[in-house]
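Written below as structure tokens is the structure these notes are about.
The values are calculated or read from the model by the stated rules, or taken from the named source; none is laboratory data. Being a predicted model, the structure only gives us computed values, none of them experimental. As a convention, Cβ positions derive from the backbone with ideal geometry for all residues, glycine included, and neighbour counts pool all protein chains shown.
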Amino acid sequence: MRIWKEVVDGVEVEVMEFDDTVETVEKASRLSGYPRTLIVKTLLLKVGERYLVAVVRGDRRVDLNKAEKVFGKRVSLARPNEVRSILGVDVGAVTPISARVKSLQVVLDPAIATQEFVVCGGGSLNRLYQVRVQDLLNYLKPMLLDIFK
């Protein structure tokens, strides 16, 4: 693993680059040494005809029934081709620190807000970013909404 500091779209991160891929929470946890509770997934959801991004703690999942009640529309995970076309990267490489993510409505798992820092996707299949939660909140300006389980 190689580690260095970088500023990505105005946010200071610690970059962790691996020889292997880290496209799942399990692999990211195993290779980085961080527990699943400090790893976050950035998911593209389709809500009716529009898209939004959900940033969810690694040990939790989007509760589609809860989300449908909150939004009053059908909610589903975007398909891989939708992720590629809307966010510009493949599933497993999505990072919340992205102008494309920031341009959409973002819902953040309230369980993340209690952490000092989290580890998230780094924009490629073999990179993770460690980022301060406060910096992530300032960057994304998300809705804190519990549509997770």
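Worth a mention:
Here's the yes/no breakdown for (1) surrounded by 17 or more Cβ atoms within 10 Å (Cβ to Cβ); (2) farther than 22 Å from Leu137 by Cα:
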position: Arg2; (1), (2): no, yes
position: Glu12; (1), (2): no, no
position: Ile39; (1), (2): yes, no
position: Val55; (1), (2): yes, no
position: Lys69; (1), (2): no, yes
position: Ala78; (1), (2): yes, yes
position: Gln105; (1), (2): no, no
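- Lone unmet requirement of (1) modelled with pLDDT under 95; (2) closer than 23 Å to Lys69 by Cβ for Ile112: (1)
- Scanning region 107-130 for residues that are out of contact with any helix residue (DSSP H, G or I) (no Cβ under 7 Å at 6 or more places or on another chain) and more than 14 Å from Arg57 (Cβ to Cβ), we see that the one that is surrounded by the most Cβ atoms within 10 Å (Cβ to Cβ) is Gly122.
- Flag for Val55 being at pLDDT 95 or above and in contact with an Asp or Glu (Cβ under 8 Å, 6 or more places away or on another chain): yes
- Unique residue being under 28 Å from Phe18 (Cα atoms) and without any contact (Cβ under 8 Å) to a residue 60 or more places away in the chain when the list is Val118, Val106: Val106
- Test: residue in region 73-88 that is under 11 Å from the mean Cα position of the chain (by Cα) and touching a residue at least 24 places away in the same chain (Cβ under 8 Å): no
- Condition broken by Asn65, with the remaining ones in (1) out of contact with any Phe, Trp or Tyr (no Cβ under 9 Å at 6 or more places or on another chain); (2) touching a residue at least 40 places away in the same chain (Cβ under 8 Å) satisfied: (2)
- Set Gly48, Gly92, Gly33: member being on the phi > 0 side of the Ramachandran plot and modelled with pLDDT under 95: Gly92
- Considering region 90-103, the residues that are hydrophobic (A, V, I, L, M, F, W, C) and under 14 Å from Ala54 (Cβ atoms) include one that is surrounded by the fewest Cβ atoms within 10 Å (Cβ to Cβ), namely Val91.
- If the condition is being over 17 Å from the mean Cα position of the chain (by Cα) and free of Cβ contacts under 8 Å to residues at least 24 places away in the same chain, then region 1-49 contributes Arg2, Ile3, Trp4, Lys5, Glu6, Val7, Arg30, Gly33, Glu49.
- Qualifying residue in region 133-141 (condition: touching a residue at least 12 places away in the same chain (Cβ under 8 Å), assigned to a strand (DSSP E or B) and touching a Pro at 6+ places or on another chain (Cβ under 9 Å)): no
- Helices (runs of 4 or more DSSP H) lying entirely in region 1-111 (those with 2 or more residues that are of a type in the set (S, T, N, Q) and out of contact with any His (no Cβ under 8 Å at 6 or more places or on another chain)): 25-32, 80-87
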